[in-house]
1. Which one is farthest from LEU151 (Cα to Cα) among residues in region 1-26 that are in a loop (DSSP other than H, G, I, E, B) and open to solvent by less than 70 Å² (accessible area, probe 1.4 Å)?
2. When only residues in region 38-78 that are free of Cβ contacts under 8 Å to residues at least 60 places away in the same chain and among the polar types (S, T, N, Q) count, which is nearest to ALA102 (Cα to Cα)?
3. In this structure, does THR48 turn out to be over 16 Å from the mean Cα position of the chain (by Cα) and either open to solvent by less than 80 Å² (accessible area, probe 1.4 Å) or modelled with pLDDT of 95 or more (or both)?
4. Anything in region 74-98 that is open to solvent by less than 50 Å² (accessible area, probe 1.4 Å) and either at pLDDT 95 or above or assigned to a helix (DSSP H, G or I) (or both)? List them, or say none.
5. Pick out the one residue from ALA138, ALA102, ALA143, ALA116 that is assigned to a helix (DSSP H, G or I), more than 30 Å from LEU181 (Cβ to Cβ) and in contact with a helix residue (DSSP H, G or I) (Cβ under 6 Å, 6 or more places away or on another chain).
6. Those residues that are acidic (Asp, Glu) and in contact (Cβ under 8 Å) with a residue 60 or more places away in the chain, I need them from region 127-164; list them, please.
7. May I ask you to list the residues in region 165-185 that are touching a residue at least 24 places away in the same chain (Cβ under 8 Å), open to solvent by 10 Å² or more (accessible area, probe 1.4 Å) and not hydrophobic (A, V, I, L, M, F, W, C)?
8. On the given criteria, is PRO111 free of Cβ contacts under 8 Å to residues at least 12 places away in the same chain and either open to solvent by 30 Å² or more (accessible area, probe 1.4 Å) or over 17 Å from the mean Cα position of the chain (by Cα) (or both)?
Amino acid sequence: MNTPASHFLAYMYRLKYIERWSLMRNTNRESVAEHSFHVALTAHLLCTIANEQFQRGINTDKVVTMALFHDATEVFTGDIPTPVKHHNPRILNNFREIEQLAADRLLDMIPAQLQAVYEPLLGVGQQDPELKKYVKAADLIDAYLKCTLELATGNREFAEAKRQTEQKMKDLQMEEVNYFLNVFLPSFEMTLDEMSKSD
């Protein structure tokens with residue numbers, strides 16, 4: 001069986017070149033690849049909290065896989081800052097259309113016999129709204145942690161972004177998010193020496 005070469009994975013590896021928070025002054029730069037890893041890691045923890053602490057029965061493996069691919073289209077679109085995307089409904093609609101075209105392009109690169117697996121991960125097919133909510137929560141938490149770390153260095157550029165992200169997390173009304181913030185957030189506001197002392 002002769003399957004043509006696919007550029008899909010090579011494009012995914014290029015997510016490490018796409019920078020996030022491009023309109024903001026950053027003390028620590030972050031790529032979309034780093035962000036995707038952090039979101040997947042956080043999603044795993046959120047699902048574990050959901051299942052072990054609140055007996056939810058969430059499919060952790062599926063959520064983590066969705067999280068890994070949640071920004072895959074940014075290899076073509078770049079990271080469009082939230083204030084730009086949400087400036088008005090027309091810009092948002094146009095961006096969603098571009099995002100869909102990028103997802104279709106990525107899917108077309110995948111061998112036909114594998115496409116059914118990647119179609120929902122790239123946002124071409126339907127995703128379970130409950131599982132998608134955990135990816136969204138993890139995405140917001142990662143943004144919140146980024147803001148927290150930037151503010152800890154004295155970079156006030158992220159103060160408003162932190163406030164807005166905190167409100168979005170509250171709007172989700174997820175006990176898992178509250179648990180995460182109470183148990184895991186405090187360490188992000190500590191130095192390495194402070195964490196070492198409390199081990």
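The values are calculated or read from the model by the stated rules, or taken from the named source; none is laboratory data. Note that the coordinates shown come from a computational prediction; the quantities given were computed from them, not determined experimentally. All Cβ positions, even for glycine, are placed from backbone atoms using ideal geometry, and neighbour counts span all protein chains on display. To get the accessible areas, we keep the full protein, side chains included, count just its heavy atoms, and leave off ligands, DNA and RNA. Shrake-Rupley method; radii C 1.70, N 1.55, O 1.52, S 1.80 Å.
1. Of region 1-26, the ones in a loop (DSSP other than H, G, I, E, B) are 1-7, 18, 20-26.
Now drop any that are not open to solvent by less than 70 Å² (accessible area, probe 1.4 Å), which leaves 3, 6, 18, 20-21, 24, 26.
Details: THR3: 50, SER6: 42, ILE18: 23, ARG20: 17, TRP21: 14, MET24: 12, ASN26: 10 Å.
Per the stated criteria, the residue is THR3.
2. THR73
3. Numbers: over 16 Å from the mean Cα position of the chain (by Cα): yes; either open to solvent by less than 80 Å² (accessible area, probe 1.4 Å) or modelled with pLDDT of 95 or more (or both): yes.
Against the criterion (over 16 Å from the mean Cα position of the chain (by Cα) and either open to solvent by less than 80 Å² (accessible area, probe 1.4 Å) or modelled with pLDDT of 95 or more (or both)), THR48 qualifies.
4. Answer for region 74-98, where residues must be open to solvent by less than 50 Å² (accessible area, probe 1.4 Å) and either at pLDDT 95 or above or assigned to a helix (DSSP H, G or I) (or both): GLU74, VAL75, THR77, LYS85, LEU92, PHE95.
5. Numbers: ALA138 fails: more than 30 Å from LEU181 (Cβ to Cβ); ALA143 fails: more than 30 Å from LEU181 (Cβ to Cβ); ALA116 fails: in contact with a helix residue (DSSP H, G or I) (Cβ under 6 Å, 6 or more places away or on another chain).
Of ALA138, ALA102, ALA143, ALA116, the one residue that is assigned to a helix (DSSP H, G or I), more than 30 Å from LEU181 (Cβ to Cβ) and in contact with a helix residue (DSSP H, G or I) (Cβ under 6 Å, 6 or more places away or on another chain) is ALA102.
6. If we filter region 127-164 for residues that are acidic (Asp, Glu), which is where we start, we get 128, 130, 139, 142, 150, 157, 160.
If the condition is that a residue be acidic (Asp, Glu) and in contact (Cβ under 8 Å) with a residue 60 or more places away in the chain, then ASP128, GLU130, ASP139, ASP142, GLU150, GLU157 are the ones that fit.
7. Once the filter is applied, which keeps residues that are touching a residue at least 24 places away in the same chain (Cβ under 8 Å), open to solvent by 10 Å² or more (accessible area, probe 1.4 Å) and not hydrophobic (A, V, I, L, M, F, W, C), region 165-185 yields THR165, LYS168, GLU175, TYR179.
8. Numbers: free of Cβ contacts under 8 Å to residues at least 12 places away in the same chain: no; either open to solvent by 30 Å² or more (accessible area, probe 1.4 Å) or over 17 Å from the mean Cα position of the chain (by Cα) (or both): yes.
Criteria not met by PRO111.
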